[in-house]
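Written out below as structure tokens is the structure these notes cover.
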Amino acid sequence: MTIELDIFSGRPNPVWTLSPEESVALTEMLMNLPTSQAPAAEGGLGYRGFLLSNPERVAGLSARIRVYRGMVTIEEDGTPRSYLDTQGVERMLIRQASQRGYGAVWKDLLPPENGRF
């Protein structure tokens with residue numbers, strides 16, 4: 001499973017591959033999220049969330065998942081379904097990005113610990 005930090009326009013976005021342990025942890029976080037009737041937020045320039053690429057469909061998850069502003073959007077057969085990020089998936093991905101050297105990007109993006117996107 002790979003993660004893409006969707007942040008740049010006109011140059012490649014940061015991408016990293018999850019370890020097997022990280023993939024298991026992420027999969028567990030994505031299970032049983034509550035559905036949302038609200039449409040997924042759309043980004044403009046700058047930060048547009050994280051794209052999870054799962055071509056092997058690990059744990060039966062979709063091949064493509066977007067995590068952005070407190071929502072998880074899973075697309076199956078061209079139909080997006082939105083879920084509330086009640087498990088802190090986005091916050092965990094932000095921490096991973098920082099640990100991989102992309103921390104300077106987050107200065108103004110990370111909400112307070114009790115905050116929500």
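Rule-based calculations on the coordinates, nothing more; no lab input. Bear in mind the structure is a predicted one, so any value in this text is a computation, not a measurement. All Cβ positions, even for glycine, are placed from backbone atoms using ideal geometry, and neighbour counts span all protein chains on display.
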Problem - Nearest-20 debye value, the range 2-106 charge dipole, Cβ charges on Lys, Arg, Asp, Glu - result: 300 debye
Problem - 5 angstrom amide H check on Ser36, placed H, neighbours 5+ away - result: Ser82, Tyr83, Leu84
Practice task
Rank Ile3, Gly60, Gly101 by how far each Cα sits towards the positive end of the charge dipole of the range 1-111 (+1 on Lys, Arg Cβ; -1 on Asp, Glu Cβ) and give me just the farthest.
Solution key: Gly101
